[in-house]
1. Any residue at all in the stretch B:214-221 that is within 14 Å of chain A (Cβ to nearest Cβ), more than 15 Å from the chain's Cα centre (by Cα) and surrounded by 15 or more Cβ atoms within 10 Å (Cβ to Cβ)?
2. What number of residues in the stretch B:143-189 are more than 14 Å from every other protein chain (Cβ to nearest Cβ) and assigned to a strand (DSSP E or B)?
3. Hey, any hits in the stretch B:120-135 for a residue that's outside any loop (DSSP other than H, G, I, E, B), closer than 30 Å to B:Arg282 by Cβ and out of contact with any helix residue (DSSP H, G or I) (no Cβ under 8 Å at 6 or more places or on another chain)?
4. Just the residues that are of a type in the set (Val, Ile, Thr) and touching a Cys at 6+ places or on another chain (Cβ under 9 Å), please, taken from the stretch B:114-133.
5. Can you pull out every residue in the stretch B:8-59 that is assigned to a loop (DSSP other than H, G, I, E, B) and among the aliphatic types (A, V, I, L, M)?
6. For a quick check of your reading of the model, give me the residue pairs whose first member lies in the stretch B:1-25 and is aromatic (Phe, Trp, Tyr), whose second is assigned to a helix (DSSP H, G or I), with beta-carbon atoms closer than 7 Å and at least 6 apart or on different chains.
7. In the stretch B:127-142, what residues are in contact with a Ser or Thr (Cβ under 8 Å, 6 or more places away or on another chain) and either within 11 Å of chain A (Cβ to nearest Cβ) or not polar (S, T, N, Q) (or both)?
8. Return the residues of the stretch B:86-121 that are farther than 15 Å from B:Ala163 by Cβ, touching a residue at least 12 places away in the same chain (Cβ under 8 Å), within 14 Å of another protein chain (Cβ to nearest Cβ) and not aliphatic (A, V, I, L, M); say none if nothing qualifies.
Number of protein chains: 2
Amino acid sequence: MRDFSQGTAHLSINTATLRKQLPLPGIIEACAQRAIPAICPWRDQVAAAGLQATAKQIKAAGLVLSGYCRGGFFTAPDAAGLAAALEDNRRAIDEAATLGAPCLVLVVGSLPGALQGKPAYTDIGLARSQVIDGIAASLDYAKKARIPLAIEPLHPMQAADRACVNTMEQALNICDALDPGRTGALGVGLDVYHVWWDPKLEAQIARAGKERLTAYHICDWLNPTRDLLNDRGMMGDGVIELRKVRGWVEAAGYAGFAEVEIFSDRWWALSAGEVLDTCIARYRKLA
Amino acid sequence: MRDFSQGTAHLSINTATLRKQLPLPGIIEACAQRAIPAICPWRDQVAAAGLQATAKQIKAAGLVLSGYCRGGFFTAPDAAGLAAALEDNRRAIDEAATLGAPCLVLVVGSLPGALQGKPAYTDIGLARSQVIDGIAASLDYAKKARIPLAIEPLHPMQAADRACVNTMEQALNICDALDPGRTGALGVGLDVYHVWWDPKLEAQIARAGKERLTAYHICDWLNPTRDLLNDRGMMGDGVIELRKVRGWVEAAGYAGFAEVEIFSDRWWALSAGEVLDTCIARYRKLA
C-alpha cells in the first residue's frame, strides 16, 4: 500500500465539503495553500464561478482534478424528460473536458421527482432500465470527449430519491454490459460511505480492477447517524475500516487520489482552514 | 396471488407497531376485536405481561403467532459475551415454543456495543463471522424445540449497530451453509422495508423458495425518510411496490401471514384503534 503518512500527494478534496464556507475560487486557493494537489468540483459551484475562469484558476494554482460532480439523474416520467437529461449530461461532459477532469461522476437518479418529494412513478425496475439506457446513450459522447463515466453506487437509503444503483456489483454489471471491452470509458466511483456495509465489497473491488476503479471517495460512517444525507463523518470519527478498503482498492490496481467528500453541518460549521487541516491530518493517519 | 381485499385472513400485527399505545394484553384484545388472526409479539412486551399469562391469553383470544421478536445480537468483544448471547437466544427459543410461535426472528447484531454508541471493534467481517457461529450454535437447540430461525436482513443503514446481515443473498448464503438440506429449520425473515431497494430481490426471493421464506413483514419506505430507525411508513404512504413483492413471495411458495411492522412517531401518536383500522384498510387495498 502507498504510504499516505508523510504528505498530501494522493489527497483530493471534493468541493462540496466546503460549500458552506467558501465559493469555489476560495476553495481552490485554500487547497493550493496547503499543498493539496487535487479537487473534485461540483457543477453548481463551477457555474457560479464561471467555467473558463475556473479552468484557468485551477491550472494557474497547479491543481488537477480527481473528478467532476456530477452527471446522471437519467430517469424521467416522459420522453421529453429523458431527452433533457441526456442533453444535460452532454453539457456536464463538455464542462468536464474543459476543466481537464479525469472522469464525470454519475449519480444516476431513481424515481423521478422523488428528490422533490413527488415521485412520478414507484417502479424502481423501470428507473433502473432508464438509467442503463441513459448511460448507454451518453457513452459515445463521453468517449469522444475522452471523459470516462464513473457510476457511483449510492447507499440503499438513497435508493428512492438519488440513485437506483446501490451496490458495486450492480454498477459493475452495467459496466460489463455497456463496455465489455473494459476500455476505461466506463467505471465505478467507489465512495466508502455508500458501500462500506456490503458483504461483497472486497470481491467486487477485485472484480472491478484498475480499468473500472475510476474514482475513490472517503469519509466515515457515524454511529449513530442522524440524517440520511448530511451526516457524513470525518475519517476516524466513524466505523469504516478505511485502511482495509484502500488495501483492497490498491490491490486491484487503483493508483489515483483519495478524495475526501463530507456533507455535514458538523463540518460546515467550522472554517475552511480548520476543515482542510483536519482532512490532511486524518488522511495521513487513517486513510 | 391471494385476494386480500375481502377480509383479514392473512393479516398479522407486529406488536411493536402499538408499543406506545398499549401493553401487550391490550394489543391482543384490540386485534381479536377486529378479527385480526395473528400477532408477532416482542420479548420485552411478553416479559412485561408474563410469559404464561400471554400464552394463555393468546390462545383464549383465538389468535396465532406469525413469529416472535426477537433473537440474535450474537456478536461480542469476548468469549463471555458470546456465551451470554447464546444463552439469551436459548431463552428466546424456549419462550417462542411456549407461545407456539412458528419462528424466532433473528436481528443478528453487528459491531458489539454500537447500539449503545461505543463499538468494541469495527471489523464488520469479524461480526459476520461471529453471527454465523452464533446461528450455527443455536440451530440444534432450535430444532429440538421445533422453532425455525428466521434471519432478518436489515437495511444497510443499520449495518453498524443492529445487523451485519444486510441482503437476502447474504442471509440465504448463511442458510445454505448451515442448513444445506433446506429442512425448514433456518430461513429468512423478509421485511420489505429492509430489502425493497435490492436489485437482486426478485431473484433471491425465488432462490429462497417456500422452505426459506419463514416470515414476511410489510410497511412502506417514506420519501423523504427522516430517521434511520423510527420513520417507517404505513402501506401506501411510501414508494415500495408491495403488491409486486408479494407476487414474488407467493410465486416462491409463501402462504403465510403478511405482518405489519411499523415503528414511527407518526403512528405511535394515534390511538391503537385508529392504527389497526388503518392497517386493515391498507392491507386490503394495497398489501
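1. Yes, the stretch B:214-221 contains at least one residue that is within 14 Å of chain A (Cβ to nearest Cβ), more than 15 Å from the chain's Cα centre (by Cα) and surrounded by 15 or more Cβ atoms within 10 Å (Cβ to Cβ).
2. 6
3. no
4. Of the residues in the stretch B:114-133, the ones of a type in the set (Val, Ile, Thr) are B:122, B:124, B:131-132.
Passing the criteria: B:Ile124, B:Val131.
5. First, pick out the residues of the stretch B:8-59 that are assigned to a loop (DSSP other than H, G, I, E, B): B:8-10, B:19-23, B:34-37, B:41, B:50.
Within the stretch B:8-59, B:Ala9, B:Leu22, B:Ala35, B:Ile36 qualify.
6. Every condition considered, the pairs that remain are B:Phe4/B:Tyr283; B:Phe4/B:Arg284.
7. Of the residues in the stretch B:127-142, the ones in contact with a Ser or Thr (Cβ under 8 Å, 6 or more places away or on another chain) are B:127, B:130-131, B:134.
Correct list: B:Ala127, B:Val131, B:Gly134.
8. B:Tyr121
The values are calculated or read from the model by the stated rules, or taken from the named source; none is laboratory data. Predicted model only: the values in this text are computed from it and were never measured. Every residue, glycine among them, receives a Cβ derived from its backbone with ideal geometry; neighbour counts consider all protein chains shown.
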